[in-house]
Amino acid sequence: MQTDEAPPLVSMRQIVKRFGQFVANDQINLDLAAGEIHALLGENGAGKSTLVKILNGLLQPDAGEIYWQGEQVLLKSPRDASEVGISMVFQQFSLFENLTVAENINAAFTEHDTHGFGVRALADRIIEIGEDYDLNLDPNRPVHTLSTGERQRIEIVRALLRHPKLLILDEPTSVLTPQEAEDLFLTLEKLASGGCGILYISHKLHEVRRLCSKASILRNGRLVATCDPKSTETVEMASLMVGSSVPELRAPALHKIGDIRLHVEALSLPSQDIHGTDLHHINLDVHGGEIVGIAGIAGNGQSELFAALSGERLAQEPRHICIDTLPAGLLDIESRRALGAVFIPEERLGHAAVPDMRLSDNLLLSRHGTDNLIHGGLIDIRRSHRLAHDVVLQFDVRSASKNPYARHLSGGNLQKFIMGREILAEPGVMVVNQPTWGVDAGAATAIRQALIDLAAAGTAVLLISQDLDELFDLSDRMAVIYAGRLSQTLPIQNLTREMVGMMMAGSEVDHAA
Amino acid sequence: MRLELSPRQNVWPLFRLLSPIFAMAMAGLLASLVIMILGQSPQAAFDVYVLGPLDDSWAIQEIAIKMVPLVLIATGLSFCFRANLWNIGAEGQFTFGAIIGSILPLLTQGMGFGPWVMVIALLMGMLGGALFSLIPAYLRAHLNVSEILSSLMLVYVAQLLLDWLVRGPWRDPNGFNFPQTVNFDAGSLLPVLMDDGRLHAGVILAGIVVLVSMIVLSLTLFGFRVKVIGSAPKAAGFAGFSSKETIFAVFIISGSLSGLAGIIEVLGHIGQLKPSISTNAGFTAITVAFLGRLTPIGILFGAFIVALTTIGGENAQIMLKLPLDLTTCFQGLLLLCVLVSDSLTSYQIRFVSDKPSPTTPIEDA
Amino acid sequence: MDISQSVIMTIMTAATPLLLAALGELIVERSGVLNLGLEGMMATAAACGFAMAIVSGSTTVGVLCAVLSAMALAGLFGFVTLSLGANQVASGLALTIFGLGLSGLIGAGFVGTSRPPLEPLFIEGLTDLPGFGKIIFGQDFFVYTSWILILAILIFLHLTRAGLTLRCIGENHHSAHAIGLPVLKTRFRAVLFGGACAGLAGAYLSLVYTPFWSPGMTAGRGWIALSLVVFAAWRAERVLLGALLFGGATVLQLHAQAASLGLPSQLLSAVPYLATLIALVFMSLGRKSGTVTPGSLGQPFVPER
């Protein structure tokens, strides 16, 4: 390998990782220099997470070598990685809800890390580093009382306290407003200028162009290109990621905006869980033929709002939620389906679908009450198979067998099945939460197109999402949810990303609400 | 050296079917080891435990009689376990069912009312078991109290209640102070099916329960709902299945079948109430339910194995002087082996040495 | 010795096995594992301890063997649920059935044998102090061990790094694994510790509480200890409180039987079980979800490879 004076900070050589038959990483090479901000680009399932888990010691490669400052290293656990100077900020945080900030940070340390400072001193160090990098945290707060942005701060502070030479961040901006993302970039640039290497995982090209000086692009487990993102066209990088030209959304057919089909009025609901968010006085109308978007950072009441709208939790009074003018606040989810509403939760496996059941059984899940599938308590198994097969055909659900278990489908294919299941029920109202989260680009486009077409056919679509691009692409009108309060709904033409970003961070909501 | 698990992508269906048999083989081997330690030949033990009870029609009837409570209770438990509810107090529901079911036969004793008493007693037994199971069900559904602990505590309560009844108010005044009730009228007992044995009509009831449960579990919306609740509770909420209702439903099913088992034992071959009406059937049935992979047909098979070895154990006590507890031991071991082999069907197991992993690149791409 | 002192002594005698077993289980559950095999481990330990004490003539050997036998069962449980990822609830039940059977096998030859129970401590000038002398200086080895255990567990959980690691693993094993904490190793150790404590509890029953061994002598104490952990909201100091309350209920029941109040003895015998049930109900009232239960309790953990 490089034996010159300045070997790269880290060098991954011919990394291979398999899960059963599936090759997640296929002979991947990656070099990263000190002070470099290096993007790792790729679609969901391209192998980015696997590669950084290997670099962080969480997974062992089946073949290949890792060189750290020119010397081969074996990283058998995150502890080993942190000892050489590699720290990671996870996308789905590695935090403990009932523990304090200081305990959360301390937990990741070894005696070696805390050498010289005890638990008390750790609190001081947290505050100190918070001031240095503008990452303020109260060391004694339990994590469950913190916002998503603050939780990410814990992860970053935890990493920084170990003086990393390489910092890995997995999709860090997915939980941030555009302004917070910009603040994060400043922090990262400051770190890099101090000599820290940064591996930045993302699929957002504009961020990568803004921040990174080098990019490695993965597709289907292989490294397909390494380039300078600042001098490479966005379209070119996108097609390298996807492997073909990026599919475009078709504009909806001309259609009229109809009557109000979903009406929410003064909906308030205290959370049942101490880790949840209370809903405060939510007002909202969705007309037939339009898509209304709800933006917001994760954990601001989206799942609680979804549960209240779907009937998984009942409202306090019937009039709080009306479906096609009928008061539905006290109706359960099946009765709301009978009124023509359908619901698509965020979590695919375990909420929208049962992992260990076949698609025909998963079809029953939401349609057992409305599709003449039950006769005298007995399931019409033939019919459920046929309806499931209809969904598979019409929505291009690809799988190895005809009627597979839900958990054997890829995220994109399962989401297409779930979308299809609900759309073929011919809904008047659809409430959908994060429809393209963790889905590959092809499936995401298909799903978004389906939503556009559904609205064009007269359905009222309420789209809850954390993806601002998606919301600006699809919505006719948009509102922002923050701390369980919903802003006014404004036409998309009157909104900019900056305005929405401000509202996502909690400003403006007071006068809008 | 350590073990590493990785989920199997596709499980060969035959593998799943064979897993309980593999478990039995494993448990059998371990039991042979114990028997050798106890100074007996495993060959002789196998003859006594497994082959002996299959020898004649009388013994086979005894197996069937032993199977009845196991099948009934385990079938009920399979509803609970599928819904991920751990009713482990079937023994208590069994006892309470036997108590409530015995009220009418006791009151009408000596009046010669005939089979109607039996029919009502069976229904009352089911009702008793169901009522008793409502306590853990209510506590779980409305107060989120662990059904494991509450149902188990009630086992002791039911057994003490029975003990008090047969030593106190219900004791046979002419029973030489033995803790037992009077013998019930022959007419209120379950009819015997064969001339040369004790096989009673409870077998038919158990058969009906198995058939109905098969249909309910595999073909009805209710069976579907139980599976969804157990496998993905949030998805059940999404499907509109109320978890509270389901908790009550499966506990009532399980409780009433345990209660039915209790009163069938009393009316089938005991003929009176006494402190020892159960031979731990409520706990043994847990093993049976898992051995049968929570399916009614499998439970029949599991109950057969367990009943066989239980009778074998009784014989072994007499013939080989092997303690009766060996059977309990074997059944606990069997359940462990079933769980282990279930694991082996869903996970691939690798032995990994803690030495550094090889870093040679692999041959192809 | 005055009456109140003797009442307190008997309460502690009744509370100690519960306390020992529950403290062990507390650590197990704090690590995210639910071992329902407590009753089986205690039963085996009681039989094994008694048998070996008779055979060797030494209480110390008896106690050691009791602890080792329960740890062996715990190790079996750990292997099945942690190494092989089997269902914890069912495995725990299996362990109870197995342990009860095993205790019968081991103890069969010793039914009817009796031996003098372990002598409590006696320090001239301290134990015979009036008032609290006997309570503080006149207990036996097990009682002092249980006191030390409470302190040690409190210190371990809240002041040591290993304790923090254990709490993290119990709360969220995915997060713990992601930051490099050894989930399965820690859990295995916790399970073994739980076994050792159950072993002490079992030994106490057959070597101190009674001078003999009888089948089924654990009489549901393992289950009551499990309930105690829930009742105590997974906190060591509250386990002590709970164990004393239950000890009190047991003693009350014994005194009531002795005083022959005309109540059926079975009703009094049912008091500990009913009290457990009521305590469980009482504790769950007004408790919001997600507050005290270790987050990954009972869930198997199989790391991605």
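Where both partners of a DSSP beta bridge lie in chain A, what percent of those bridges are antiparallel, to the nearest 5? Each step should come with its number before you reach the end.
Values: 39 of 77 bridges.
Antiparallel bridges make up about 50 percent of those DSSP assigns within chain A.
Taking just the alpha carbons, could you work out the radius of gyration and Dmax for the protein assembly as shown, both in angstroms?
Taking only Cα atoms of the protein assembly as shown, I get Rg and Dmax of 32.7, 107 Å.
Count the DSSP beta bridges whose two residues both fall in the protein assembly as shown, then state the antiparallel fraction as a percent rounded to the nearest 5.
Working: 48 of 87 bridges.
Expressed as a percentage, antiparallel bridges in the protein assembly as shown total about 55.
Using all C-alpha to C-alpha distances in region B:62-164, build P(r) with 10 Å bins and read off the rounded percent in each one.
P(r) over region B:62-164, rounded to whole percents: 15, 40, 32, 11, 2.
Evaluate 2.2 N^0.38 Å with N set to the residue count of region A:424-513, then give the Cα radius of gyration divided by it. Could you put the intermediate results ahead of the total?
Numbers: Rg = 13.8 Å, N = 90, 2.2 N^0.38 = 12.2 Å.
Compared with the compact-globule rule of thumb, region A:424-513 sits at 1.13.
Relative contact order, percent, of region A:294-346 when contacts are C-alpha pairs under 8 Å separated by at least 6 residues? List each step's numbers first, then the result.
Numbers: 54 pairs, mean separation 15.0, N = 53.
Rounded, it is 28 percent for region A:294-346.
Please arrange B:CYS329, C:CYS197, C:CYS168, A:CYS322 by how many other C-beta atoms lie within 10 Å of their C-beta, fewest to most.
Working: B:CYS329 24, C:CYS197 33, C:CYS168 28, A:CYS322 19.
Arranged by neighbour count, lowest to highest, B:CYS329, C:CYS197, C:CYS168, A:CYS322 become A:CYS322, B:CYS329, C:CYS168, C:CYS197.
Rounding to the nearest 10 and keeping the result within 0 to 90°, find how far the Cα-based axis of helix A:411-423 lies from the longest principal axis of chain A.
Helix A:411-423 and the main axis of chain A meet at about 10 degrees.
Whole-Hz ³J(HN,Hα) for each residue in region C:87-101, computed from phi via Karplus 6.51 cos²θ - 1.76 cosθ + 1.60 with θ = phi - 60°, x for glycine and proline: what do you get?
4, 6, 4, 5, 5, x, 4, 4, 5, 5, 4, 4, x, 5, x
Round to the nearest 10 and give me the degree value, 0 to 90, for the angle of helix B:57-82's Cα axis relative to the longest principal axis of chain B.
The answer is roughly 60 degrees.
In a shell of Cβ-Cβ distance under 13 Å around B:GLU62, excluding B:GLU62 itself, what net charge do Lys and Arg (+1) and Asp and Glu (-1) give?
Values: positive: B:LYS66, B:ARG198; negative: B:ASP55, B:ASP56, B:ASP196, B:GLU314.
Spelling it out: positives minus negatives among the neighbours equals -2.
Compute the angle between helix C:221-231 and the longest alpha-carbon principal axis of chain C, please, reported from 0 to 90 degrees and rounded to the nearest 10.
Approximately 60 degrees, to the nearest ten.
What is the order of B:THR345, C:THR218, A:THR436, fewest Cβ neighbours within 10 Å to most? Present the calculation step by step, with values, prior to reporting the outcome.
Numbers: B:THR345 16, C:THR218 31, A:THR436 25.
Exposure proxy ranking, most exposed first: B:THR345, A:THR436, C:THR218.
Report the antiparallel proportion of the DSSP beta bridges in region A:10-242 as a percent, rounded to a multiple of 5.
Details: 21 of 40 bridges.
In region A:10-242, DSSP labels about 50 percent of beta bridges as antiparallel.
Through the Karplus equation 6.51 cos²θ - 1.76 cosθ + 1.60, θ set to phi - 60°, convert the phi angles of region A:351-364 into ³J(HN,Hα) values in whole Hz; use x for Gly and Pro.
Working through the residues one at a time gives 10, 7, 8, 8, x, 8, 10, 6, 4, 4, 6, 5, 5, 4 Hz.
What lysines could a cross-link reach from B:LYS244, if we take a straight Cα to Cα line under 30 Å and drop same-chain neighbours fewer than 8 places away?
Of all the lysines, those that pass the test against B:LYS244 - Cα under 30 Å, at least 8 places apart if same chain - are B:LYS227, B:LYS234, C:LYS288.
From other protein chains only, count the Cβ atoms within 10 Å of every residue's Cβ in A:42-48, then give the mean. Mind showing how you got there, number by number?
Numbers: counts 0, 0, 0, 0, 0, 0, 0.
For peptide A:42-48, the averaged partner shielding equals 0.
For a distance above 16 Å, tell me the whole-number percent of Cα pairs in region B:1-111 that qualify. Please list the in-between numbers first.
On the way: 4859 of 6105 pairs.
Tail of P(r) above 16 Å: 80 percent of Cα pairs.
Quick one: net charge around B:ALA232, please, counting Lys, Arg +1 and Asp, Glu -1 for every other residue with C-beta under 14 Å from its C-beta.
Values: positive: A:ARG348, A:ARG358, A:ARG407, B:ARG82, B:ARG225, B:LYS227, B:LYS234; negative: A:GLU312, A:GLU347, A:ASP356, A:ASP361.
Value of the local net charge: +3.
Straight-line reach from B:LYS274: which lysines have Cα under 24 Å away, leaving out those fewer than 8 places along the same chain?
Those lysines meeting the cut-off are B:LYS66.
For region A:10-242, build the convex hull from the C-alpha positions and give me its volume per residue in Å³. Don't skip to the answer; put the middle values down first.
Numbers: hull volume 28.2 nm³, N = 233.
Enclosed volume per residue, from the Cα hull, is 121 Å³.
Relative to the compact globular guide of 2.2 N^0.38 Å, what is the alpha carbon radius of gyration of region C:193-305, as a ratio?
Values: Rg = 17.2 Å, N = 113, 2.2 N^0.38 = 13.3 Å.
Ratio of Cα Rg to 2.2 N^0.38 Å: 1.30.
Across peptide B:47-60, how many C-beta atoms of other chains are within 10 Å of each residue C-beta, on average?
Numbers: counts 0, 0, 0, 0, 0, 0, 0, 0, 0, 0, 0, 0, 0, 0.
Shielding by partners across B:47-60 averages 0.
State the answer as a single residue: which of A:ILE37, A:VAL23, A:GLY47 lies farthest towards the positive end of the charge dipole of region A:15-55, with beta carbon charges of +1 for Lys and Arg and -1 for Asp and Glu, about the Cα centre.
Value computed over the given set: A:VAL23.
State to the nearest 20 debye the size of the charge dipole of chain B about its Cα centre, where the only charges are +1 on K and R beta carbons and -1 on D and E beta carbons.
Once rounded to the nearest 20, the dipole reads 940 debye.
Only counting other Cβ atoms within 10 Å, I'd like A:VAL432, B:VAL288 sorted with the fewest neighbours first.
Details: A:VAL432 25, B:VAL288 31.
Result, fewest neighbours first: A:VAL432, B:VAL288.
Per residue Cα convex hull volume for chain B, in cubic angstrom?
Details: hull volume 70.3 nm³, N = 365.
Enclosed volume per residue, from the Cα hull, is 193 Å³.
Please give the per residue volume of the convex hull enclosing the alpha carbon atoms of region A:1-139, rounded to a whole number of Å³. Before the final figure, lay out each step's value.
Values: hull volume 21.1 nm³, N = 139.
It is 152 Å³ per residue.
For region B:240-308 and region C:1-30, what is the centre-to-centre distance using only Cα atoms, to the nearest Å?
36
How many Lys pairs in chain A lie less than 18 angstrom apart by Cα atoms, where the lysines are 8 or more positions apart or on different chains?
14
Projecting each Cα onto the charge dipole of region C:129-198 (Lys/Arg +1, Asp/Glu -1 at the beta carbon, about the Cα centre), which of C:PHE141, C:LEU184, C:GLY194 comes out farthest on the positive side?
Checking the options against the dipole of region C:129-198, the answer is C:LEU184.
In nm, to one decimal, how far is the modelled label at C:SER265 from the one at A:VAL235, with both set 7 Å along Cα→Cβ?
Placing both labels 7 Å beyond Cα along the Cβ direction yields 9.4 nm.
Stokes-Einstein diffusion coefficient for region C:1-96 at 25 °C in a medium of 0.890 mPa s, Rh from the Kirkwood formula over Cα pairs: what value in µm²/s? Show your work: numbers first, answer last.
Details: Rh = 14.8 Å.
Diffusion coefficient, whole number: 166 µm²/s.
When the distances between all Cα atoms of chain C are binned every 20 Å from zero, what whole-number percent does each bin get?
That works out to 33, 57, 10, 0, in percent per bin.
When only alpha-carbon atoms count, how far does region C:56-201 stretch along each of its three principal axes, as whole angstroms with the largest first?
Sorted largest first, the three principal extents are 57, 43, 22 Å.
What's the magnitude of the charge dipole for chain C around its Cα centre, counting Lys and Arg as +1 and Asp and Glu as -1 at the beta-carbon? Answer in Debye, nearest 20.
Working: 14 positive and 11 negative charges, 163 e Å.
Dipole size: approximately 780 debye.
What is chain B's relative contact order, in percent, from Cα pairs under 8 angstrom and six or more apart in sequence? Walk me through the numbers on the way to the answer.
Working: 605 pairs, mean separation 126.9, N = 365.
Normalised by residue count, the contact order of chain B is 35 percent.
Which value, in debye to the nearest 20, gives the size of the charge dipole of region A:90-175 about its Cα centre, when Lys and Arg are +1 and Asp and Glu are -1 at the Cβ? Before the final figure, lay out each step's value.
Details: 8 positive and 14 negative charges, 25 e Å.
The calculation lands at about 120 debye.
Picking from A:GLN415, A:TYR405, A:ALA251, whose Cα lies most toward the positive end of the charge dipole for chain A (charges on Cβ: Lys, Arg +1; Asp, Glu -1)?
In chain A, that residue is A:TYR405.
Equivalent ellipsoid semi-axes for region A:151-190, as square roots of 5 times the alpha carbon gyration tensor eigenvalues: give them largest first, rounded to whole Å. Provide the component values of the computation, followed by the final result.
Values: eigenvalues 61, 25, 16 Å².
Listed largest to smallest, the semi-axes of region A:151-190 are 18, 11, 9 Å.
Each residue of region A:132-137 in order: what ³J(HN,Hα) in whole Hz does its phi give by Karplus 6.51 cos²θ - 1.76 cosθ + 1.60, θ = phi - 60°, with x for Gly and Pro?
Using θ = phi - 60°, the values come out as 4, 10, 6, 10, 6, 9 Hz.
By average Cβ neighbour count within 10 Å, what is the ranking of B:73-85, B:36-48, C:238-250 from highest down?
Working: B:73-85: 27.2, B:36-48: 14.8, C:238-250: 21.7.
Peptide ranking by packing, descending: B:73-85, C:238-250, B:36-48.
Can you report the principal axis dimensions of region A:362-456 using only the alpha carbons, biggest first, rounded to whole angstrom?
Principal extents (Cα only, largest first): 42, 33, 20 Å.
Normalised radius of gyration for chain A, please: alpha carbon Rg relative to 2.2 N^0.38 Å, two decimal places.
Details: Rg = 24.2 Å, N = 513, 2.2 N^0.38 = 23.6 Å.
My calculation over the Cα atoms of chain A gives 1.03.
Read the figures in this text as sums done on the coordinates, not as results from a lab. Source: prediction; values computed, not measured. Heads up, the Cβs are rebuilt from the backbone with ideal geometry, glycines too, and the neighbour counts pull from every protein chain shown.
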